[in-house]
Structure formats: structure tokens, C-alpha cells
Amino acid sequence: MFEYFKNIWSGFTTALHGMAITSSHIFAKSVTIQYPDEKLTLPSNARNRLQLEMSRCNACNSCAVACPVNCITVEGTRVSPDDPQQDVHWDGKPRKMWVTRYEIDFAKCCFCGLCQSACPTDAIKHTVEYEYSEYDRNKLLYKFQTLSPAEAEEKKRLLAEFRAKEKEKECSSTAGKAHEAKE
Amino acid sequence: MESTNFLWDLFGRNVWTVLAVISLPLLFVLVYALIAILAELKISAWIQERLGPMRTGPWGILQPVAEVIKLLQKEDITPDQSSKLLYNLAPFIIFTGAYAAFAVIPFSSAFVPAGIDVGLFYVFAIGSISAMGIVMGGWASNNKYSLMGAMRSISQLISYEIPAAMAILSVVVLTSSMNMQEISSMQSGGFWNWFIFGGPGGWSKLWVIPFTIGLTIIYFIASLAETNRVPFDIPEGESELVAGFHTEYSGMKFAMFFFAEYANMFVVSAILTTIFLGGWNSPFGDFLQGPWWGVFWFILKSFFIVLLQIWIRWTLPRFRVDQLMHVGWKVLLPLSFVCFVAISLFAMLN
Amino acid sequence: MGEIKRMDLEYSQLDSDRMRINVGPQHPSTHGVLRLEVEVDGEIVTEVVPHLGYLHRSFEKHCEKLNYQQIIPFIDRMDYISAMNNEWPYVMALEKMLDIKVPEKVEYIRVIVAELNRIANHQIAVATFGMDAGAFTPFLYYFRDREAIISILERLSGARLLYNYFRVGGMAADIYPGFKDDCLNVVKQVRKTNAEIMKLLIHNSIFIKRSANVGILTPEVAINYACSGPVLRGSGVAHDLRRDEPYSVYDRFDFEIPVGKGDVGVVGDCWNRNIVRVHEMEQSCRIIEQALAQMPETGDVKAMIPKRIKLPKGEVYMRTENPKGDLGFYIVSNGTDKPERMKARGTSFVNLSVIPEISKGYMFADLILILGSIDIVLGEVDR
Amino acid sequence: MTAAEIFEKLGSEFGSAILSLTEEPATDSFITVDPAQLFDICHTLRDEESLLFDYMMSLSALDLGENLGVVYHLYSMTHRHKIVIKVSVSKENPVVPSVERIWRTADWHEREAYDLLGVKFDGHHNLIRILLPYDWEGYPLRKDYVTPDTYHDMKVPY
Amino acid sequence: MGLLNRLDDPYEGGGIVLGKVEELLNWGRSKSDWYLHFGLACCAIEFMAMNASHFDFMRFGTIPRTSPRQADFIMVTGTVTFKMAERIKILYEQMAEPKYVISVGSCSNSGGPYWEHGYHVLKGVDRIIPVDVYIPGCPPRPEAFEEGMMQLQKKINQQAIFNKRKRIELEDSTKDESNKES
């Protein structure tokens, strides 16, 4: 019998305790950050959308190798010495590779940061940008290359021409050498 | 009994005034439900240190309006295997049950839609209609969750009807009237004359006050159960039964359940206000007393009870089915009997 | 101890029809995508058949295809609530095989981030358990506090949930200035909220009625089912790898192992499993405070990270104390930079297997609470 | 007890069924046993006073090329020692006695091993797939597994 | 997007009244979106964090519903496996029109980290149900969820109801296109 009334009493008082606690929160200041109007400042190392700095990238492919999900595609072609358009890197060194294709599929990316640490020139970096939702999935495939496909073809052609010329030269010089040797 | 409806005094009884009398509570229910929904959203948010709806009008006050507009546009699905007639009828029955109860609720000394003499009895009878609607909805949906929710709901409603009835009965014993308007007018003259404090009477009523307060609490708990609110929201317990008996309902039919729930909350609060908290009486005797102030006090008190229900909802966990029955039959019922006997004794002695 | 007998149930003498209810895979309180096929007699559960695999993401296949550094992000995604704790046994296993001794400072950072994550995990566990019981508000109070922990971990590693912070032989980044103060603030806030939740939820009469004496797991059954973590400790078995097999620098800290004592309900019921988590948060706070005091100021956290990981031929099984229990990794190496086979002993996988055993004979509503008290993460169950 | 002592003890009891003890630097030492007597060995491991391996940490199956292996990681809560037991069976007839009745935790582990590698556990009360759908074909963790093109009209490869 | 701040009339046949009614209807739908939370994996935890006090998803007028019948949009947060895919389809079909889908995180966008070797992972939830908004991230930040929600609201607001035109292809003016394909 005593137990019965004790139960009722404890049920009643614990409920009142709870209500006292919740009521004390009603007038506490809310912690909500009203997102579109006010935004949190993210730490500088936050891992959100990747950004490629083209002047640093030399198409070395180490990010694509490091990526555990293979969402980075890198293609490059060597800069032909007789290309009329010569580029320099951010530090003033001449560019050795044209980046003909650099694509990151953010629909696959797992934002692990391994590409960032693998990059020897700090070209690829996570930014604090996170607002980039899309209506179409294909728009999440970001293309970072600055060359248009036609230009890329052009560069490839130039390199091939240069190589062919080299080969010809080599052939002629070896032929010349052979000729000399014969003599 | 004198007519307590100002519309009839002013315009006489004709079709138009009857329509006006019918539509006034309906208008009130709709406006009130919108406010209550907003209050629920906002109070829950404040308790949890959030803000709640903020982007629909200033401070989100248009949120319920947006919800109604949206629900009107939703597709109305009738499940393939359901019992069509019952399925479609259920929400209307539930809403009717909630709305019909407003007929006898005295909003003011000058306005009660239908001042019938067996008001309390009527409220109880009409309240059971919504139970029927729940069973119909749950059974006709042809969904296991709905069915279980409906069964739980019905057992809960029946069990808690009895303690609530005992609480009301003791007030009837004290007043020897079932007319809600009469009960209200008996409690005039300050809060000391409310039935929560034993009703009008001299110092001899002091010993009965603990019992009347107890009955008020018992009625309040039972009313929580009857409206399926936490901690008695087992029929819709999200963690077990997806959404209870209205799992299969969508669009406007669901909105009717939604409205009926909030309307029911107001009905039980209004009954509590009328029989224990002095109805439309001002708590300060003749200060701010009158037909118009009556409306103010009545709605204020009832809304306070509604807020209390909301507050409790966001504080407590919920009971289990058997514990619910335990609380109903083994705790509330005996206690309400004890209080009832004590009050009857008091009534006999006076 | 012989063969375990199937529980003989005398739940009901009434001859009534049984109903089979499907809970999940998409159900508000299955904590993910678990599907339970429940046979009920009225409201009483007579049989529970779990169906797993709704989140089977082929983790072990991926491990065979990727090299050792690349596996870490996938390990994060196993028990995604406590990713820091997941990475630890893996890097420890590799360090053991490569025979790397990590710098002192790294050990302390690991202890601190793991304990912070343990608190965050238990906060979610207790919060969702409360939500299963119908109390929504404690859930949000815990999540409010968790945000502070998450922001510390984010500043350290750069991500909010899946950190990829551990490296073989070190950490991905050093701690930031002001780290200590942040941690101490978190500890203070955790204690304050726990005191509040104790009153609001844990000692609430309705909550006790719901969770005490429900889902009783005896120590013998728990050990036979190889339960671990708070599930085992709730049954009164003080088994904690941090003390029993001290790894890293755990032997330098003074902390207790909370076990279910049965002060409410009986030992091994849902309430006791839950209270163990609340007490463990307090113990984690103590460990964090001690670790912060002992942590060496200097040291290069990246000094010992090998450029390329190539394991010697062999195999290793390494386990540590995850917030949910023992998490083990069995790595078989064939001498290349990719594992031959890697098996993760998912804590939740093992703990969940006890569900059919302990939920029979209770009510349907209790089943949800029992599931909540076990604190599973489906990412780890299905992998 | 160390692995060598356990090996001695088991050897004295089961003789030729205990095949070998491997102790290498980069490896946890393990005992290889004959699958035919596995159940009795495990029973002894659990119930023998000096062994009392009442806690099965993990059960893993692996593809060894020709054979399938099953590895048992055992732990004793009272003596706090560990042992690794290994068996290997041929791929054509991968039948291993089930230890589910000794350690109930092995129930799901064995189902998982069956699911992913196709090891058949003799004596298991309910050996069905656990992670993959019941109508899935093949054992994905075998080295020669080829991912199907479609499953229920849904394309599997990207 | 307020009620009356768009004064230009894009409705040639219906006139301004119809246009305003349509705006009102769209406003109602966009401001009160109840969602069916499809918490599958890691993203679901971030989703819970977004619902919590710090980010408070309910500010957008969203209320969680457990029954698909009452929901306006699904948030698929996590990896969809083949075992799960059929369920998602069923639940999507159970929803009442108008209905929308937000795909959250790499996994449901395209299989995410599991797109290559995941033999049991559906490579993108858009293979079984139409997706309206893709939110990238693994998992996305809670703010990113909210940004995706705002994108959905924008999409709803621009829908034509009366003249039965096809869904307007949306021009996304808020984004900087600098990184996109040139």
C-alpha cells in the first residue's frame, strides 16, 4: 500500500521536476544559427568542395592515384617547345605539362582529404564552400581544365608534330652518323 | 431556463441566427486550431532552445496557414484494399464529434450555442463518437499499424472515460445540475468560489479542498489520455506504430484528424475550465466581469490548459500500453472514487 | 556451462491468432535500416527475426581493392557515429605489423579525440533511447552539446562526421591553439547537461517504468553472445579493454568502469544498459582532463608517418574499446600494399545478435526500447 | 596460457587432429586443426578448466586461393588469454562443423561467412544469407567472383 | 520569396488573378513541406544534427512525418543498397502528389565511395525514383542540407499549376558559374 502511494507520488514529482527543467529552457536564449541570414565561419582546414589552382597543377596524377573513390580524372600532355603559347607556373617556372582534362565528380567524392595531402604542389585544396546543390546530377561533374577540347586537341597535335620532327631529326642524324661511320 | 444566447435575444430564432450560432464555434475552432498548431510548434521549439518556424511570415506566424493551403492541394489517396465508405467517413465523424461538443460550451454568460440542461452528459456522449471514428479509420485503412493504433486508442478512451466521468459527477453532486451554463454562473465571485477550491461556501469547505484539487488533476490527466497526448500518445506512438490510426490518410482527410485533435484538446480544456476553474468568471470577483470579459477569461483559461498540455508533451516520455491501463484502472479510478465519496459526504453535510 | 536452452515462454495461455508485423527497414526507430520481422500475440512479442543487409556496402570487398591509406575513409563509414574510435584499432594493427612506435603526443591526441567521440556517441545513444521512449526534448539537449564536440573535431580534422584523422604512425594534423580550453568547456557542459538529463529523463518515473525490468540480459548469455561495451557492462560484467588490455596510454589514467548495479530495476535491463553510458560519459570527461594535463607540449605528430605502406606477410587481429564495445580488425597481409583479406568484427553486429534472445515475452513497445538500449549502428552491422 | 602451452594441451587430448602451431614475428600465433574434429576441440576449449575460452571475439572466413579458411579468435574472460584457431577446407566441398551451439555469437558470424564466401557450416540451425538478398547469386568475397550485370532489373555496375 | 513581390506577369492566358492564386498555392506548398526522412547511413546523423537546435530545420516549415502518405518530399540520406531500393520505390509510390525527392550525399547521388566496387550498392537513387535536388557532400554540412531545401522551395515556387506547362527548367542564378564548364 505504501509502495502504491510512493509510486504515485514519485510519478507526480518527477513529472513536475521535468516540467521545471523544460520551463527553465523556454526563456533561455536559443542557440539556433539562422542559416541563410547568418553563417558559421568554418575553420580554414574544413573539407568541403575541392578547388584546383590551375597555375600550380602540373598534371602529375598523384591526386587521382591517392583518391580512394577514383572521382578525379586527370589527363595531361607535354608542352611542345615550339608551341607558340607558353605558360608559366605560379612561381615563375615554365609549365611542362598542359592539363587537358581535370574533372572531379562531386557526386562521388568522399571528401576525405587524401588528394590534398598527396598533391606535391598544393594545387588541389578543400575549400569552405559547401553550398552547391544542383537540380541535375551532371552539373556536379566539375571541369577544372582551362583549355577547351579544341585547344587540347591542338596541343596534342603540336606535341605529336614536335615529336615527329624530333624523330625525323634523330633519324636523319643517326642516318648521318651511320653514313659517317660507313665512310 | 433563460436563454443565454445573445444572438437569439437580439435577432430572434430564425434560420439565419441558427446558422450564425452554428458557424460561430466553427469559425472559432478553425482560428483556434491554427493558433494552437503554431503554439505547439513554437513552444516545442523554445523548450528545446530552437526557434521553430521562422521563414513563413514574420516569426513564422503564417505557418499554419501555409500548411492548410498545402494540405488542400495534396492528392487524396484511398488505399486500394481499404473499405472505401468507412475510410472516407471516418475523418468526418471524428471532426463532427469534436465540433459537436462545442454546442454546449458556455463561452460567456451571454453566449452558449445550445444551452441544454444535460450539457455535461451530452459532451460525454458526443465525445464517444470520435472513438467510433478512430476505430472506423483504423480498421478501414487495412494497415496493421492503423489497426493496432485504433485498438489501443479505443481501449485508452474507454478506460479514461471513467475517471473523467467521476470527476465530472462529483461536480454534478455539488451543483445538482448538468447545465454547464449554470455550473459556470454558480462559481462567480472570485477564484475562491471555483470548484477547484470546493465551490462557493463558507469555511466548512476547507477539508474538501484537497479532494477537489485532486479531482481537477485526475480530470486533467484523464483528458490528456482522451486526446491522445503525451504521455498517453500510444495510439500514434511514432517509435512503434508509424503514425497510429491515421497512417494511411493524406491530404485534407488527414488535416481533419489534425484539426479534430486540436479541437478535442480545446473541448477537454473548456470542460475543465467550466467545471473546475470558474468558466467565464473573472478570478477577481466583480472586477473585469461581464459578458465580453467572460469570453476573454474563458478563452484565456482554456488556452492556458492547452498550453499546459503542450508543455507536458515536450517534457515526458510515453507510457506503455499495459502501464497506461494500470494508471487508468488502478490509480486514477480508485483515487477518483475516494474523492467522489468525500465530496458526496461534503454535499450531504451541507 | 552447457548448451543454452531456448527460452520456454509462457507468455499467454490464451489461444489467439498471432500477427506478423514488419518493423522496418524504414521505420522511425530502428536506428537506421534494420528490419525486424516480429510475431506478436496481441501486444506480446513471441518471435523476432532480424533481417540485416539493408546497408551492406561491401566494405570488405573495398578493403581488398584499396591500399592501406585509402581504407581509412571507408573505416570511418562503418560506425559513422564514432569514426575516430573506428580508425584507431586499424592504425594500431598496422603500426603493430610495421613495428612503429608513435610519438607520445600522438598517443595523447588519440586518447582525447577518441574520448570526445565516445561522449558524442553516448550522447546520441542516450538521446535516441529517450526518443524511443517518447521523450523528444532530451534528444535535442544532447544534440546541442554534441555540436560543441563536433566543432572541436572539425577544427582538428576538417570534417564534421567522418574525420579521416588518424594516420599510420601519427595524425593528419596537429592540435590547434585553444584546443585545451575548448575541451575543458565541453567537459563542463557535458557534466551540466548530464545532471539535467538525469532529472528530466533517467529518473523520470515513467521512463523507469518503461525501461527497468525490460529486456534482461544475464551475464552468461551476454558472454556467450560475445556482447561487449555498455551492453555487457550493463549486465554487471566489468569488461573494458581500456583497463583489461591497456593499449596506447590508457594505463596512465585513473578511471572507473561503470557497470549496471541494479539500483533501479535489475542488472542487465534496459535502464541499466543506458545508465552505464551516462556514467561512462563522466569517466571520459575524467580521462580527457587527465590527458590534457599530461599531454606533452611539443612533438611532431607527422614524424613517423611512412610515405608508402607495405605490410610484411602475416596477419594481425587488433581490437580496441569502441563506444559500443570491442571493435576488432583482422588483417591478412600478403606483402603488397593492399590487404589480402580484411575482416571487421562489427561491434553492433555482434551486440545485435542478442536481440531475438532477450526480446521474447516482452511487449511490442518494449522491443523498440530494447533495440534502442543496445545502441546499434547499421553501418557497422551490415558493413 | 601461451599458444604453445595450449597447443601442447590440445595435442595431448586430440593427437593428430591438431595439425600445427605457427609462431611468426609479424603474426599472431595460431593453431591449425583438422576441420573434422573442430566441434569437439572447440567444446574442450570452452569447457576445460585451464582454458575456458568462453568469449569468441571473431570468426572470419577467407579465400586462400585453392582453399577456404576459417579463423576463430577466442578469448577467455576469466584467464584473459587468447588463441587463434584455423581450419581450411577445399573450395569444392567447403564444409566446416558449426560451432554455433558452443558460442551463440557464431550464429551470425557463420551466416555471414556463408553469405560472403560460401563456407557451409554443418549443424547450423538456420544457414541462410544474412547480408545479401536471399536470391543473390555467388559469393562476393571469393577472389574469382564476378559482379553481376543486373539485379532485379537494376543495373549493378556504375 | 514573398507573396506579392513578383510583379511581372508570366501567365499569358490566365492573367494576373490566376497568377496570384498560383503564387499563393505555390507559397503554401513551398513553405510547409513535410518530409519523410529516409535515414539510411552517415548522412542521417548529420540530418539529425540539422534537426537539432543549432540548425533547426523546422525554421523552413518542415515537419517530420513517419507515414509516407502525409509527406511532401523524401530526403534520401545515405547509401541505397539493392535490398533497400525496392522499399524506396514502394514508399515513393505511396506518397501523395505533389511529391519531391532530395538526394543527399554522394552515396545517394551516385553510389559515392562505393560506386566502383560496391556490388550491393545502387549507383544513385535517381535510377529508381526521380530526384529533384542533389546535395553533394559526404556527408554534407547541415547548412548544405538547408541550402538544398531552399533550392527545392525555389523549384516549387516556379512551378506552373494552371496552364499545365511542363516544369520550367530552372536557371540557377545564385551560383557562380566560374568553376563550371566554360
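What number goes with the only condition from (1) touching a strand residue (DSSP E or B) at 6+ places or on another chain (Cβ under 8 Å); (2) within 14 Å of chain C (Cβ to nearest Cβ); (3) modelled with pLDDT of 80 or more that B:Ala225 does not pass? Condition (1) is where B:Ala225 drops out. Summed over region C:211-238, the residues that are surrounded by fewer than 24 Cβ atoms within 10 Å (Cβ to Cβ), farther than 14 Å from C:Asn274 by Cβ and more than 7 Å from every other protein chain (Cβ to nearest Cβ) give a count of 7.
Residues checked against (1) in a helix (DSSP H, G or I); (2) in the same structural domain as B:Ala131 (by TED's automatic domain parsing); (3) closer than 30 Å to C:Asp132 by Cβ:
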{"site": "B:Glu248", "(1), (2), (3)": "no, yes, yes"}
{"site": "B:Thr274", "(1), (2), (3)": "yes, yes, no"}
{"site": "B:Leu288", "(1), (2), (3)": "no, yes, no"}
{"site": "B:Arg318", "(1), (2), (3)": "no, yes, yes"}
{"site": "B:Phe340", "(1), (2), (3)": "yes, yes, no"}
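Close Cβ contacts (under 7 Å, 6 or more residues apart or on different chains) running from residues in region C:27-51 that are more than 26 Å from E:Thr81 (Cβ to Cβ) to residues that are of a type in the set (Lys, Arg) and at pLDDT below 80 comprise C:Val40/C:Arg18; C:Asp41/C:Arg18; C:Thr46/C:Arg18. Scan A:Ala107, A:Ala59, A:Ala64, A:Ala46 and give me the residue that is under 20 Å from the mean Cα position of the chain (by Cα), among the aliphatic types (A, V, I, L, M) and within 28 Å of A:Glu166 (Cα to Cα). On inspection, the qualifying residue turns out to be A:Ala59. Considering region A:106-134, the residues that are facing chain C (nearest Cβ under 10 Å) and in contact with a Gly (Cβ under 8 Å, 6 or more places away or on another chain) include one that is farthest from A:Asn45 (Cα to Cα), namely A:Cys110. The set of residues in region B:194-228 that are in contact (Cβ under 8 Å) with a residue 24 or more places away in the chain and in contact with a Lys or Arg (Cβ under 9 Å, 6 or more places away or on another chain) comprises B:Gly198, B:Gly199, B:Thr212, B:Ser223, B:Leu224.
One residue stands out among those in region C:318-344 that are surrounded by fewer than 24 Cβ atoms within 10 Å (Cβ to Cβ) and aliphatic (A, V, I, L, M): the one that is farthest from the other protein chains (Cβ to nearest Cβ), which is C:Met318.
Residues that are at the interface with another protein chain (Cβ under 10 Å from one of its Cβ atoms) and under 25 Å from B:Met180 (Cβ atoms) within region B:313-350 comprise B:Leu332, B:Leu335, listed in sequence order.
Only residues that are out of contact with any strand residue (DSSP E or B) (no Cβ under 8 Å at 6 or more places or on another chain), under 14 Å from C:Met304 (Cβ atoms) and assigned to a loop (DSSP other than H, G, I, E, B) were counted in region C:165-186, giving 3.
When region D:57-88 is filtered for residues that are of a type outside the set (D, E, K, R), closer than 19 Å to C:Asn334 by Cα and assigned to a strand (DSSP E or B), the ones remaining, listed by number, are D:Ser60, D:Ala61, D:Leu62, D:Asn67, D:Leu68, D:Gly69, D:Val70, D:Val71, D:Val84, D:Val87, D:Ser88.
Being touching a Ser or Thr at 6+ places or on another chain (Cβ under 9 Å), closer than 26 Å to B:Gly285 by Cα and not in a helix (DSSP H, G or I) is a description that applies to B:Pro200.
Checked against the criterion of being within 12 Å of another protein chain (Cβ to nearest Cβ), in contact (Cβ under 8 Å) with a residue 40 or more places away in the chain, not basic (Lys, Arg) and not in a helix (DSSP H, G or I), region C:280-302 contains not a single residue that satisfies it.
Quick grid of which residues meet (1) within 11 Å of chain C (Cβ to nearest Cβ); (2) under 30 Å from A:Phe106 (Cβ atoms); (3) part of a helix (DSSP H, G or I):
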| position | (1), (2), (3) |
| --- | --- |
| A:Tyr4 | no, no, yes |
| A:Thr14 | yes, no, yes |
| A:His17 | yes, no, yes |
| A:Ile21 | yes, no, yes |
| A:Ala28 | yes, no, no |
| A:Asp37 | no, yes, no |
| A:Ser44 | yes, yes, no |
| A:Gln51 | no, yes, no |
| A:Met54 | no, yes, no |
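Among the criteria (1) of a type in the set (Val, Ile, Thr); (2) surrounded by 22 or more Cβ atoms within 10 Å (Cβ to Cβ); (3) over 21 Å from D:Thr147 (Cα atoms), the one E:Ile129 does not fulfil is (2). Looking only at region C:51-69, how many residues end up being farther than 19 Å from E:Trp115 by Cβ and either surrounded by fewer than 22 Cβ atoms within 10 Å (Cβ to Cβ) or more than 9 Å from chain D (Cβ to nearest Cβ) (or both)? Going through region C:51-69 one residue at a time, the tally reaches 3. Every listed requirement among (1) within 19 Å of E:Cys42 (Cβ to Cβ); (2) of a type outside the set (A, V, I, L, M, F, W, C); (3) in contact (Cβ under 8 Å) with a residue 12 or more places away in the chain is met by C:Asp182 save one, (1).
Suppose we keep only residues that are assigned to a loop (DSSP other than H, G, I, E, B) and acidic (Asp, Glu) within region E:68-114. Which one would you say is farthest from B:Ala255 (Cα to Cα)? Ranking the candidates gives E:Glu97 first. Check region C:345-362 and report whether any residue there is more than 9 Å from chain D (Cβ to nearest Cβ) and basic (Lys, Arg). Taking every residue of region C:345-362 in turn, at least one turns out to be more than 9 Å from chain D (Cβ to nearest Cβ) and basic (Lys, Arg). Flag not set for B:Arg13, criterion: over 26 Å from B:Glu226 (Cβ atoms), part of a loop (DSSP other than H, G, I, E, B), modelled with pLDDT of 80 or more and of a type in the set (Lys, Arg).
Here's the yes/no breakdown for (1) surrounded by fewer than 21 Cβ atoms within 10 Å (Cβ to Cβ); (2) charged (D, E, K, R):
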{"position": "D:Leu10", "(1), (2)": "no, no"}
{"position": "D:Glu13", "(1), (2)": "yes, yes"}
{"position": "D:Pro25", "(1), (2)": "yes, no"}
{"position": "D:Gln37", "(1), (2)": "yes, no"}
{"position": "D:Cys42", "(1), (2)": "no, no"}
{"position": "D:Leu52", "(1), (2)": "yes, no"}
{"position": "D:Leu62", "(1), (2)": "no, no"}
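For the subset of region C:190-210 comprising residues that are more than 9 Å from chain A (Cβ to nearest Cβ) and in contact with a Lys or Arg (Cβ under 9 Å, 6 or more places away or on another chain), which member is farthest from C:Gln283 (Cα to Cα)? My answer is C:Arg210.
Would a scan of region B:106-118 turn up a residue that is buried (at least 16 other Cβ atoms within 10 Å of the Cβ) and either within 14 Å of chain E (Cβ to nearest Cβ) or in a helix (DSSP H, G or I) (or both)? Within region B:106-118, none of the residues are buried (at least 16 other Cβ atoms within 10 Å of the Cβ) and either within 14 Å of chain E (Cβ to nearest Cβ) or in a helix (DSSP H, G or I) (or both). Restricted to region E:117-137, and to residues there that are over 12 Å from the mean Cα position of the chain (by Cα), charged (D, E, K, R) and at the interface with chain A (Cβ under 10 Å from one of its Cβ atoms), the residue that is farthest from E:Val80 (Cα to Cα) is E:Asp126.
Hey, any hits in region C:84-96 for a residue that's part of a loop (DSSP other than H, G, I, E, B), crowded, with 24+ Cβ neighbours inside 10 Å, in contact (Cβ under 8 Å) with a residue 40 or more places away in the chain and among the hydrophobic types (A, V, I, L, M, F, W, C)? Quick ask: steps written out before the conclusion?
Keep residues of region C:84-96 that are part of a loop (DSSP other than H, G, I, E, B), which gives none.
No, the conditions are met nowhere in region C:84-96.
Looking at region D:89-123 only, could you name the residues that are part of a strand (DSSP E or B) and closer than 20 Å to D:Gly138 by Cα? Result: D:Val89, D:Ser90, D:Val95, D:Val96, D:Lys120, D:Phe121, D:Asp122. For region A:63-87, which positions are under 16 Å from A:Leu52 (Cα atoms) and more than 14 Å from chain C (Cβ to nearest Cβ)? The answer is A:Thr73, A:Val74, A:Glu75, A:Gly76.
The values are calculated or read from the model by the stated rules, or taken from the named source; none is laboratory data. Quick caveat, the model's predicted, so the values are computed rather than measured. Reconstructed Cβ throughout: ideal geometry from the backbone, glycine too, with neighbour counts over all protein chains shown.
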